[in-house]
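Worksheet: the structure to be examined is printed underneath.
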Amino acid sequence: MANGATAAAVPQSVPKRMIAFIVRWTTATNHKDIGTLYLCTALLNLFLGGTLALCIRAELFIPGLQFVEPNFFNTLTTMHGLIMLFGFIMPVAVGFANWLIPMMIGAPDMALPRLNNMSFWLLPTATIMLVSTLFMDGGAPNFGWTMYAPLSTTYGPPSTDYMIFAVHMLGISSIMGSINIITTIATMRAPGMTWMKLPVFVWTWLVTAFLLIGIMPVLAGAVTMMLFDRNFGTAFFDAAGGGDPLLFQHIFWFFGHPEVYVLALPAFGIISQIIPTFSRKPLFGYRTMVMATILIGFLSYIVWAHHMFTSGMPYGAQLYFMLATMLIAVPTGMKVFNWITTMFRGSISFETPMLFAIAFVFMFTFAGCTGVMLAVAPADFQYHDSYFVVAHFHYVLVNGLTFAFLAGAYYWYPKFWGRMYNERLGKIHFWLSTISVNVLFFPQHFLGLAGMPRRIPDYALQFVDFNFISSIGAFVFGFSQLIFVYNMISSRHRGAPASDQVWEGAEGLEWTLSSPPPHHSFQTPPRVD
Amino acid sequence: MTAVTDSHARRSLLVKLVAAAVLMFGFSFALVPLYDLMCDALGIGKIRATTAPATAVTLAPHTLAIEFVTTNTEQLDWSFYPLVKSMEITTAETYMVNFYAKNNTGHTMTVQAIPSITPVQGTEYLIKTQCFCFEQQTLEPGESIKMPVVFMIDSALPEKYSTLTLSYSLFELKQETASAHTPGELTATNRGGRT
């Protein structure tokens with residue numbers, strides 16, 4: 001941070017320094033600055049979305065209506081989903097990409113730095129617009145993050161149009177970020193850095209970026225049709241005008257399913273960097289790792305309707321989508337196999353990043369197994385829209401991906417800032433999080449199997465115990481994340497200085513740079529053998 | 001591979017990627033007709049395509065006997081009987097029968113008739129377009145009324161059901177019951193199938 005041109009200016013009066021600070025960050029084009037902005041925004045949104053989640057869990061602590069009206073409860077689930085997806089998980093992945101990809105491929109910066117700046121600043125703008133709907137007349141969007149028509153068209157509150165505009169901006173931001181990443185990887189690799197020498201994290205982001213370019217315009221199309229149906233009298237999703245509400249679900253999930261892998265692939269990449277380091281062995285099966293990533297990317301496009309088994313699809317279509325969905329378990333299983341085999345007979349040490357990475361492998365695999373259960377069409381009729389689904393995708397997104405990003409944050413923190421984080425606090429954070437997150441989400445499987453529907457502010461008495469346990473887990477998990485924030489902030493100045501390699505077993509170009517790395521990562525391209 | 005810093009290569013890649021994004025936006029709109037085309041081509045998912053032949057099929061009408069039965073409940077002091085005990089009818093034709101009801105008590109009463117059909121398999125083939133059981137009847141002391149039922153039997157009724165019995169039970173609606181339930185609610189809950 002101290003390398004910024006304006007930050008080096010001599011301390012002046014407070015307002016002048018504030019203006020300098022604002023100008024420095026709003027006009028930032030350096031990949032590390034943008035990466036930091038993305039990561040900080042993601043962290044803020046994590047706490048924003050988490051606060052909404054705690055409101056949900058507080059309401060569900062005991063049956064009956066305690067704190068919120070049913071309609072506001074619906075806005076809580078909707079905004080929680082939208083903020084966590086578009087405001088937390090996607091930006092945190094882009095933040096890591098910005099920081100790491102130039103360093104990993106031996107480039108001085110991203111290929112399109114000004115585009116990078118714009119793609120970042122669209123994000124907080126869109127987030128603020130999205131959050132502002134909470135304070136509008138008629139309330140925020142209340143139809144769930146899936147925005148199904150006609151709930152979002154005929155019955156959506158007036159604020160829905162703001163949400164549509166925010167989604168458009170987020171989409172443009174993601175597409176610009178993806179174009180930047182692909183261009184960087186394609187044109188800025190150091191001499192000798194061939195495609196099959198790219199770190200797995202770079203590969204996963206390459207596939208992710210192509211997925212984003214494929215799907216974000218489709219989401220933009222879906223919400224544009226929604227906008228037209230709402231305001232311009234078209235009937236894309238209105239049966240009375242010759243449209244079809246099911247069409248919305250098809251278009252939405254054509255975006256929505258690859259989106260899951262957009263979120264997951266960068267996390268896979270991070271885990272594939274961390275596990276070899278702490279196992280002190282090279283990654284097992286690099287080639288299959290790359291192939292599995294590409295295969296997952298391809299398969300993710302052709303399985304979308306497994307979200308719609310109960311919508312009255314013909315049996316042939318159900319059978320196809322069921323089998324295609326199960327097929328994804330194969331490349332994913334290859335990845336899990338490779339991670340485990342990398343650890344096998346390695347000299348493993350259990351620093352905080354490795355703990356989070358191992359927990360990721362365990363819990364993500366578990367989430368994958370419930371995913372295969374949900375893929376079975378006849379069984380899905382029982383699980384559909386129940387808490388079992390909630391438990392499944394929270395195991396993917398929280399126990400899995402969020403843990404991977406926390407692992408990444410601990411792993412690269414010393415590289416980014418040149419100071420070690422507090423290992424003791426890191427371990428406390430890990431154990432509190434791991435235990436509480438399972439207390440939080442594991443009982444929800446049972447709730448779902450027993451028949452509790454999702455997105456519901458009140459429930460029948462047989463669901464009391466598991467909801468009570470789940471809510472306790474939620475509050476412990478939520479507040480234990482403050483340990484992480486404290487650790488990150490306090491270690492910034494008080495942590496022990498980090499060496500260039502930081503971790504004994506760390507390999508890759510980013511570890512050859514100083515900690516913290518110079519402002520323009522590689523002024524002269526390194527030679528890769 | 002050596003580092004490609006040629007800005008021309010970068011620009012052409014940029015153009016291609018932007019074009020891909022624009023193309024995918026167009027693709028989302030192309031999905032609207034594609035969705036219908038796919039369903040038509042594969043013959044899947046079209047509800048109207050699968051049900052249209054069912055309604056278009058003309059089944060040959062056949063004849064059957066229908067009987068009318070009435071029951072008074074709870075020692076209800078009303079006269080209540082059908083004016084026709086039974087009749088031979090043809091399916092797919094509309095008939096009207098009348099029921100007679102008289103309040104023999106000394107006070108105003110509200111009653112509700114609950115229908116049922118024997119054998120029960122016949123229920124979904126009985127199409128009532130008008131029935132006194134859709135609403136409540138309030139009669140002054142000594143007042144009488146003729147109450148019509150307009151009905152038709154669907155030709156899809158299997159011929160093995162040669163006799164259908166349509167029975168009505170009369171219930172008194174107490175004051176609070178009468179106000180708590182609107183006729184609409186009662187008829188809605190009591191109307192099974194297409195009756």
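The values are calculated or read from the model by the stated rules, or taken from the named source; none is laboratory data. Since we're looking at a predicted model, the values are computed, not measured. Here the Cβ is made from the backbone with ideal geometry for all residues, glycine too, and neighbour counts use every protein chain on show.
Would you please list the contacts, defined by Cβ atoms under 8 Å and residues six or more apart or on different chains, that run from a residue in the stretch A:303-327 that is at the interface with chain B (Cβ under 10 Å from one of its Cβ atoms) and under 10 Å from A:Ala377 (Cβ atoms) to a residue that is assigned to a loop (DSSP other than H, G, I, E, B) and among the small types (Gly, Ala, Ser)?
A:Met313/B:Gly45; A:Ala317/B:Gly45
What tally of residues in the stretch A:19-71 results from selecting those that are in contact (Cβ under 8 Å) with a residue 24 or more places away in the chain, closer than 16 Å to A:Asn98 by Cβ and crowded, with 18+ Cβ neighbours inside 10 Å?
Qualifying residue count for the region: 14.
Output the number of residues of the stretch A:506-520 satisfying the condition of being assigned to a loop (DSSP other than H, G, I, E, B) and over 26 Å from the mean Cα position of the chain (by Cα).
Adding up the residues that qualify gives 6.
Has the stretch A:412-428 got any residue that is part of a helix (DSSP H, G or I), touching a Ser or Thr at 6+ places or on another chain (Cβ under 9 Å), under 26 Å from A:Asn142 (Cα atoms) and not aliphatic (A, V, I, L, M)?
no
Within the stretch A:244-256, work out how many residues are at the interface with another protein chain (Cβ under 9 Å from one of its Cβ atoms), closer than 17 Å to B:Asp36 by Cα and part of a helix (DSSP H, G or I).
Final tally of qualifying residues: 5.
Got a sec? Which of A:Ser436, A:Ser470 is crowded, with 21+ Cβ neighbours inside 10 Å, closer than 18 Å to A:Ala58 by Cα and hydroxyl-bearing (Ser, Thr, Tyr)?
A:Ser470 is the lone residue from the list that is crowded, with 21+ Cβ neighbours inside 10 Å, closer than 18 Å to A:Ala58 by Cα and hydroxyl-bearing (Ser, Thr, Tyr).
Pairs, please: C-beta under 6 Å, at least 6 apart or cross-chain, first residue more than 7 Å from every other protein chain (Cβ to nearest Cβ) and in the stretch B:12-31, second of a type in the set (Val, Ile, Thr) and assigned to a helix (DSSP H, G or I)?
none
For residues that are closer than 16 Å to A:Phe237 by Cα and facing chain A (nearest Cβ under 9 Å), scanning just the stretch B:33-44, find the one that is modelled with the highest pLDDT.
B:Tyr35
Could you go through the stretch A:141-149 and let me know if any residue there is under 17 Å from A:Val262 (Cβ atoms), among the aliphatic types (A, V, I, L, M), surrounded by 24 or more Cβ atoms within 10 Å (Cβ to Cβ) and out of contact with any strand residue (DSSP E or B) (no Cβ under 8 Å at 6 or more places or on another chain).
Taking every residue of the stretch A:141-149 in turn, none turns out to be under 17 Å from A:Val262 (Cβ atoms), among the aliphatic types (A, V, I, L, M), surrounded by 24 or more Cβ atoms within 10 Å (Cβ to Cβ) and out of contact with any strand residue (DSSP E or B) (no Cβ under 8 Å at 6 or more places or on another chain).
I need a count of the residues in the stretch A:212-228 that are surrounded by fewer than 24 Cβ atoms within 10 Å (Cβ to Cβ) and away from every other protein chain (no Cβ under 11 Å).
1
In the list B:Glu74, B:Glu67, which residue meets the criterion of being closer than 30 Å to B:Glu143 by Cβ and either within 14 Å of chain A (Cβ to nearest Cβ) or at pLDDT below 90 (or both)?
Result: B:Glu74 is the single residue among B:Glu74, B:Glu67 that is closer than 30 Å to B:Glu143 by Cβ and either within 14 Å of chain A (Cβ to nearest Cβ) or at pLDDT below 90 (or both).
So is A:Ser491 outside any loop (DSSP other than H, G, I, E, B), over 15 Å from A:His429 (Cβ atoms) and hydroxyl-bearing (Ser, Thr, Tyr) or not?
No.
Taking A:Asp529 as the residue in question, decide whether it is among the acidic types (Asp, Glu) and assigned to a helix (DSSP H, G or I).
Considered against the rule, which asks whether it is among the acidic types (Asp, Glu) and assigned to a helix (DSSP H, G or I), A:Asp529 comes out as no.
Within the stretch A:410-418, identify whether any single residue is more than 30 Å from A:Ala498 (Cβ to Cβ) and without any contact (Cβ under 8 Å) to a residue 60 or more places away in the chain, and answer yes or no.
no
I'm told A:Arg424 meets every condition in (1) over 18 Å from A:Met363 (Cβ atoms); (2) in contact with a helix residue (DSSP H, G or I) (Cβ under 9 Å, 6 or more places away or on another chain) except one. Can you identify the failing condition by its number?
(2)
Report yes if some residue within the stretch A:48-70 is at pLDDT below 95 and among the charged types (D, E, K, R); otherwise report no.
yes
With A:Leu52, A:Leu39 as the choices, which residue is in a helix (DSSP H, G or I), under 20 Å from A:Ser132 (Cα atoms) and of a type outside the set (Phe, Trp, Tyr)?
A:Leu52 is the lone residue from the list that is in a helix (DSSP H, G or I), under 20 Å from A:Ser132 (Cα atoms) and of a type outside the set (Phe, Trp, Tyr).
From the list A:Gly192, A:Gly233, A:Gly241, A:Gly269, exactly one residue is away from chain B (no Cβ under 14 Å) and modelled with pLDDT under 95. Which is it?
Step by step, each of A:Gly192, A:Gly233, A:Gly241, A:Gly269 is checked, and only A:Gly233 is away from chain B (no Cβ under 14 Å) and modelled with pLDDT under 95.
Yes or no, residue by residue, for (1) outside any loop (DSSP other than H, G, I, E, B); (2) on the phi < 0 side of the Ramachandran plot; (3) in the same structural domain as B:Glu172 (by TED's automatic domain parsing):
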{"position": "B:Ser79", "(1), (2), (3)": "yes, yes, yes"}
{"position": "B:Val84", "(1), (2), (3)": "no, yes, yes"}
{"position": "B:Lys102", "(1), (2), (3)": "yes, yes, yes"}
{"position": "B:Glu124", "(1), (2), (3)": "yes, yes, yes"}
{"position": "B:Gly142", "(1), (2), (3)": "no, no, yes"}
{"position": "B:Ser155", "(1), (2), (3)": "no, yes, yes"}
